[in-house]
Structure formats: structure tokens, C-alpha cells
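One structure is given here, and the rest of the page talks about it.
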Amino acid sequence: MVHLNLDRLGMSGHSFGAITTLYLGGQRPPVAVGADLSEPRFTAFLAFSPQAGAADPQQQFAGFTRPALLVTGTLDGQPFPGIGASAAQRLVPFEAMAAAGNKYLLVLDDADHMYFNGTRGLRDIGTTGRDKVDFAAVETSGYRLVKAVSTAYWLACLRDDETAMRWLKNGGASALVGSLGSFKTK
């Protein structure tokens, strides 16, 4: 029998789902919306292929104080020409988030936007530099890293697992990622 702790819920999403996840976590919407979209019932947030809105990133993320794991790739750009954020823009939410509340960023080398939806072989049409990438190798190593880091994150944030938290903060996650990408915490 599975027991759910409804006081410790996590939210996760990819691409547009990541946008939703970040708004529910505390990202401030444009002034035109005018409403606080954060959802207090969620404790922790995991966003695959995150991006900031057009407004000032510091203003959008200054109040984001709950735990967040952001996962992206060095080729995580526009899935189709002219649609979506660039790979560099996907780093903005982490950099703009307040340091309070356990923030993590996993960047996988050569992972593109479609990598994070689990659709093998569906590659980003708008991504440059794809012709030299062994995507099968990226998928094999990267999926292992995503599983390890995200599992530790959920354990640390939803179950208060101190071993998982130490692994994330004290170099265990960074060591596992090694030369396959980068891992940052604040």
C-alpha cells in the first residue's frame, strides 16, 4: 500500500509545463496578469527546460524561495525555428532565483529540448551543432544522471532525507555529473 503525504507535494513539468511549474513555485507573472499564481500546497519544484518571461528576471524570481531543481541541456534551444527560448535563456531562472530555499541546476552536455520529453529520436529542428552529437550516448548517460539527481532532490525536499541533501549540496551530485555536464547549487 502506498501512503501519500499531502502536506509534502512536488510539481514538475517540461517546456510549457516548466513555465507552469515555475509560476506555481513563485515566479511572478507580468504586471498585466496582476495575480500571484503560486500554489502553497506544493513544497518543491522540478522544471525541465525552464525559461523566464520577457519581464526583468530579478523581479520575476526574487520571491521564489521554495526548493527548485532546474534541468536543461547545452543544446536545449528552440524546438522549432523561432519558437521557444535559447539554451542561454534557459539558465536565466536559476541565476535570477533568490538563493534561499535550496536551488539546483543540472545542465547536460549536448542534451536538446526534445531530450527531456523522453521521445527518443525526436530532435530539435532549430538546434545548431546537432550533426556531431551521438544522441544515443547522451541519452544513455544523461537519463541516468537525471534519474539520480531528481530522485535525490525529491527525497531531500519531500522526505527531509539528510543523506540525499548532503549528496546534492556537498559534491556527490557534481561528482556523478563529472564531464557530462555541470551541477550548481545555491
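The values are calculated or read from the model by the stated rules, or taken from the named source; none is laboratory data. Note that the coordinates shown come from a computational prediction; the quantities given were computed from them, not determined experimentally. Note that each Cβ is placed from the backbone with ideal geometry, even for glycine, and that neighbours are counted across all protein chains shown.
The rows are residues; the columns are (1) modelled with pLDDT under 85; (2) part of a loop (DSSP other than H, G, I, E, B); (3) of a type outside the set (Asp, Glu).
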{"residue": "LEU69", "(1), (2), (3)": "no, no, yes"}
{"residue": "THR72", "(1), (2), (3)": "no, no, yes"}
{"residue": "GLY77", "(1), (2), (3)": "yes, yes, yes"}
{"residue": "SER86", "(1), (2), (3)": "no, yes, yes"}
{"residue": "VAL92", "(1), (2), (3)": "no, no, yes"}
{"residue": "GLU95", "(1), (2), (3)": "no, no, no"}
{"residue": "ALA98", "(1), (2), (3)": "no, yes, yes"}
{"residue": "MET114", "(1), (2), (3)": "yes, no, yes"}
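Considering only the stretch 165-186, how many residues are surrounded by 20 or more Cβ atoms within 10 Å (Cβ to Cβ) and either of a type in the set (S, T, N, Q) or in a helix (DSSP H, G or I) (or both)?
Final tally of qualifying residues: 4.
Looking only at the stretch 65-86, filter to residues that are surrounded by fewer than 21 Cβ atoms within 10 Å (Cβ to Cβ) and small (Gly, Ala, Ser); which one of those is farthest from LEU155 (Cα to Cα)?
The extreme case among them is GLY82.
Which condition does ALA18 not pass, out of (1) farther than 24 Å from LYS147 by Cα; (2) assigned to a helix (DSSP H, G or I), if it passes all the others?
Going through (1) farther than 24 Å from LYS147 by Cα; (2) assigned to a helix (DSSP H, G or I) one by one, ALA18 breaks only (1).
Quick one: how many residues across the stretch 39-64 are touching a residue at least 24 places away in the same chain (Cβ under 8 Å) and either farther than 21 Å from ARG90 by Cβ or surrounded by fewer than 17 Cβ atoms within 10 Å (Cβ to Cβ) (or both)?
Of the stretch 39-64, the ones touching a residue at least 24 places away in the same chain (Cβ under 8 Å) are 39, 41-55, 57-64.
Subsequent filtering for residues that are either farther than 21 Å from ARG90 by Cβ or surrounded by fewer than 17 Cβ atoms within 10 Å (Cβ to Cβ) (or both) retains 39, 41-43, 54-55, 58-59, 62-63.
Residues meeting the conditions: 10.
Can you pull out every residue in the stretch 50-67 that is under 30 Å from VAL133 (Cβ atoms) and not in a loop (DSSP other than H, G, I, E, B)?
PRO57
When the residues of the stretch 139-164 are filtered to those that are part of a loop (DSSP other than H, G, I, E, B) and of a type in the set (Asp, Glu), which remaining residue is nearest to LEU9 (Cα to Cα)?
Our first condition is that a residue be part of a loop (DSSP other than H, G, I, E, B); within the stretch 139-164, this holds for 159-161.
Retained after the next criterion (residues that are of a type in the set (Asp, Glu)): 160-161.
Numbers: ASP160: 12, ASP161: 15 Å.
Top of the filtered list is ASP160.
So which residues in the stretch 70-110 are small (Gly, Ala, Ser) and farther than 18 Å from GLN59 by Cβ?
Hits for the stretch 70-110 are GLY73, GLY77, GLY82, GLY84, SER86, ALA87, ALA88.
Of all residues being in contact with a strand residue (DSSP E or B) (Cβ under 8 Å, 6 or more places away or on another chain) and of a type in the set (D, E, K, R) in the stretch 160-185, which is farthest from ALA96 (Cα to Cα)? Just the residue, please.
LYS169
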